[in-house]
Each structure stands twice: as C-alpha cells, then as structure tokens.
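Notes for the one structure printed next.
The values are calculated or read from the model by the stated rules, or taken from the named source; none is laboratory data. What you are looking at is a predicted structure, and each value in this text was computed from that prediction instead of being measured. Here the Cβ is made from the backbone with ideal geometry for all residues, glycine too, and neighbour counts use every protein chain on show. Surface accessibility is based on the protein's heavy atoms, side chains included, excluding ligands, DNA and RNA. Shrake-Rupley method; radii C 1.70, N 1.55, O 1.52, S 1.80 Å.
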Amino acid sequence: MGVSKSELFTEEQNKLAAMAKAIAHPARIAILQHLVNADACVCGDIVQQTGLAQATTSQHLKELKNAGVIQGTVEGTSVCYCINPKVWNEYRDFFATFFKKMKEPKCC
C-alpha cells in the first residue's frame, strides 16, 4: 500500500480533504441531516434513522465525533449527540469558500 504524500499539498488542501473524508459516507450524511433537522441533542434513535446495525452506526458516529462535527454527552445509559456548532460552521465556511474560489469549468 502506498504512503500518503500529503506533504505535497497545501494545508488548505489537506484540511479540505480531511473534512470531506469525515462526511464522505451516505450514513454519515444521513446522521448529520437527522441531527440538523432535530435541532437538539438526540438520544438513542439514530440507529433507527440509519437502518444500519448498532455497531455500524456507532462506528459512523465515532468518525463524526473524532472529526469534531458532532459532540456527545452521556445521559444515564445512553449517549446523546448533537451538531458541534463551531466545527459545523467551520465546515460550512470552508466548503463555501472552496466552491466560490472555483470558476465554472470550461470543458471541451
């Protein structure tokens, strides 16, 4: 397996790639949409929303939490998740800036 050559790219390019990787799965997008639409901390029903196994959903939640996009708190025997507003806004602004910088492609 090849070694990552991330040092060949700018800090901005590496950061954008890391952000994209964190949300680059349909289950993670579904989780984020659910949390945004709930507009509150959500406890327990995320597995039902994804239709995936508990372990699989937990792995996706872990990836989102590691990326900082969501935050979780323990309440009794369950973990409640919500969007981390600071990181959410950072993602939004970073992607918006990226797309604004890109001109409309002129293809052949």
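When Lys106 is tested against (1) open to solvent by 100 Å² or more (accessible area, probe 1.4 Å); (2) part of a helix (DSSP H, G or I); (3) charged (D, E, K, R), exactly one condition is not met: (2). Considered as a group, the residues in segment 32-72 that are among the β-branched types (Val, Ile, Thr) and more than 11 Å from the chain's Cα centre (by Cα) include one that is surrounded by the most Cβ atoms within 10 Å (Cβ to Cβ), and that residue is Ile46. Take Glu75 and tell me if it is surrounded by fewer than 16 Cβ atoms within 10 Å (Cβ to Cβ) and more than 30 Å from Thr10 (Cα to Cα). Taking the combined requirement at face value, the residue satisfies it. The requirement of being at pLDDT below 90, more than 15 Å from Ala24 (Cα to Cα) and among the acidic types (Asp, Glu) is not satisfied by Glu90.
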